[in-house]
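What follows is a short report on a single structure.
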Amino acid sequence: MKYFNQNHAALKLVSLAAVCFLQACANDTHSIGIKQIKEGSFVEGLANLKKASSESPATSVFRADYLRERERLSNQLLYEASAFRNQDDLDQAENIYKLVLDNDRENIQAKQGLNDIARLRRHRELIASAKSGWSRGEKDASMRALQSVLLENPNNSEATALVRQFTEEQSGLVAQSGMLPVLGEAYKRPVSLQYRDANLKMILESISRTSGINIIIDREVKNDLKATLFVQKSSVEDTLNLLLMQNQLEKRIINENTVYIYPITAAKTKEQQDLVVRVFQLVNADPKQMQNMLKTVLKVKESFVNEKSNSIIIRDTPEVAALAAKLLSSQDVTEPEIMLEVEVIEIARNTLKEIGLSYPDQITLNVANSAATAATSSAAASAGLSLQALRSVNSSGINVYAGSGGLNLALKLKQQDGDVDILASPKIRVRQREKAKIHIGDRVPIITNTVTPQTTGTALYTGAVQYIEVGIKLDVEPDIHSDGEVGIKTSLEVSSISSTVTDPKTLTTAYQIGTRTASTVLRLKDGETQILAGLLNNTELKGASKVPGLGDIPFFGRLFSSNSQDKRKTEIVLAMTPRIIRNIRQPDADQTTYWSGTDNAVKILPIMSGKTEVIRMDGQGVVTGGGRPLRTPIMPQPMPVPVPADPATPPAAVNLPAPAEQPAPVQVVPEKPAPMVYVPVPMSAPVSVPLLPAGPSTRQQLITDAFRVAPVIKAPPPENNATTEEAPPAAEAQ
């Protein structure tokens, strides 16, 4: 047992020595860290402070110093990283954010900074791909890339400038939103179609064969729908939109080469129309007002306002979401502000003059001491003097008094002048149509006593203190106009305590306050100074102290009088100078007017909107136009070909013009082996012939084959009264 106690004591000594050693090491490490931080080696010093805190966790001073210096270093590094980000030096900013996380792994700002840098780099890649894609002619993909950038960062100036530039190049039309599915380049291919009272499904089939776009027709579309259509060099998109508009139909884009067509009914629209959810993060605008605007202008179906995050969430069609984005972008602007420089000057001048001889204004006689004096004291004085006492009074027993000044004659020669200038020149920053108040003066307390009668004893007095503001009070409300002028609604009040009134019963003190107010509405230019003056208060007091009778004698009466004159004049001068800090931002041209469709259907692009690319052919049969060839060659303009008269077996009698020498038709060798040749047939009614394969058949056989595949309709009678049979018009696709 004794041996165990000795070992236990030795173990305690060793532990105590180790603790002392570690504490000494921690003190040295802490001192070194503090010294390094003072010398500017923040990272090394912070590492030593962290080490000292780990070696001696029980020492609260080490822990507090480490946390304080870590926070200070993190804030400094975050400020430097933000500066590098503003200079577009993302690599240096990323290294600083990582350094902050090395010292503080849970720093939220550093993590957010790394995420922002990754997003900025992704945005740069999207912008670069949009530029290159636009130069290659991939306009839709480029516009979608820019829209995706603006969805994440609406303040990206480079993406905004590119969208504006690309929009201007597209004839000033509104660019489609990146949420909208779009068709491929074949959807913009120019075509020419001529149909009269033709079946709608046949026309859609012709468009599908010509453009290569898959068209799926809903089963509820009526089979007997007919349309009349004559278009020249119009895009497939515009032609299809015209057909659908004529027949109360709508389309749904499935993918880049597939369109689904359905009738416009409430059930079908609810079933087929795609809806998107869009979140708009507002910065300056009031979300409730913006919600009312969207409901009024765009008839938004479903919307929700999150006041905590100042955002609006809508659920509607992609077209409505795209228009809502443009509308909110034009309204969510920073409110204008002005710096109002005010100078308030109060000029007070007073002049006091007292000139003349001052005589005693009263004389008092009283009886001197002796018996009469004793009689005048105490109770005897209230009863007066008896005749016996008055009989004993002589000249030596009567005293003469002349008030506090005695029997003195005073000559007054006094003139006093005073000038007081009170200047206040505050500067206040005010937002658009917000009130700003300036008060320079005092708050005077007024005590009001409330008396509560008691059944027994004295009444209970309860006092309440109210404060009245006296001095200079200025209220302004600016209204900043877009032309650089500022309308200011101004109210000025100057008040002061003129006298004090005391209630003899309650001994409550009240104040008589003199007030001068002025209110006006004025309009000034930026930097223009307006002075409001003329708030004058002139007071002139004259007084005279005269000896009755003698003081009224002309000229000599001044020897028996004393005159005083007191003049007081105060004037308030107010000078205001507005300086516009932030004016109303003028909206861009594409934000003032843009397409919104019809009352029944919201569209972001009008029908027949863009400039159709005209495809030409050079002499070598190469398709040109737009700077690049198309996948499928487009046929040249129709050239008349003489057709010999052969009344053997014609399908219909037609009137052909006299044969004329014409150049041979140009044939184009497409990617497919069978070339296509255009063969026109003049008729009394507009008739077009589809493209037919060229082979060993004769020209008449080509015409016969063309009429065999065309829909049969009745043509109007010719003008030359020749008998004609039914001639069917056909489709011409180019």
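So the values come out like this:
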| read-out | value |
| --- | --- |
| Prolate/oblate/rounded label for the stretch 222-288 (Cα gyration tensor, a/c 1.5) | prolate |
| Amide H contacts under 5 Å for residue 285, placed H, 5+ residues apart | 333 |
| Estimated distance in nm for a label pair at residue 185 and residue 555, the labels positioned 7 Å out from Cα along Cα-to-Cβ | 12.1 |
| Residues whose placed amide H lies under 5 Å from that of residue 597, excluding near-sequence neighbours | 603 |
| Sorted by Cβ neighbour density within 10 Å, fewest at the top, the residues 240, 200, 559 | 559, 200, 240 |
| Net lengthening on full extension, residue 306/residue 414 (0.36 nm per residue, minus Cα-Cα) | 31.3 nm |
| Calculated from backbone phi, Karplus (6.51, -1.76, 1.60) coupling profile of the stretch 222-236 in Hz, x at Gly/Pro | 5, 7, 9, 6, 10, 8, 10, 9, 9, 10, 10, 6, 9, 5, 4 |
| For peptides 495-503, 251-259, sequence by mean Cβ density within 10 Å, most packed first | 251-259, 495-503 |
| Rough spin-label spacing in nm, given labels placed 7 Å along Cα→Cβ, for residue 88 and residue 593 | 3.5 |
| Ranked 231, 486, 430, criterion: other C-beta atoms within 10 Å, fewest first | 231, 430, 486 |
| Residue order, fewest to most beta carbons within 10 Å, for 311, 157, 562 | 157, 311, 562 |
| Residue 362-residue 253 pseudo-label distance in nm [points 7 Å out on the Cα-to-Cβ vector] | 10.7 |
| Candidate lysines for bridging to residue 111, where Cα separation is under 22 Å - those fewer than 8 sequence places away on the same chain excluded | 50, 98 |
| Violating pairs (Cα-Cα greater than 21 angstrom) within the set 188/301; 188/233; 222/301; 131/233 | 188/301; 222/301; 131/233 |
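Bear in mind that the values in this text are calculations on the coordinates, not laboratory data. Keep in mind the model is a prediction, meaning the values are calculated, not measured. Positions of Cβ are generated from backbone atoms using ideal geometry, with glycine treated the same way; all protein chains shown enter the neighbour counts.
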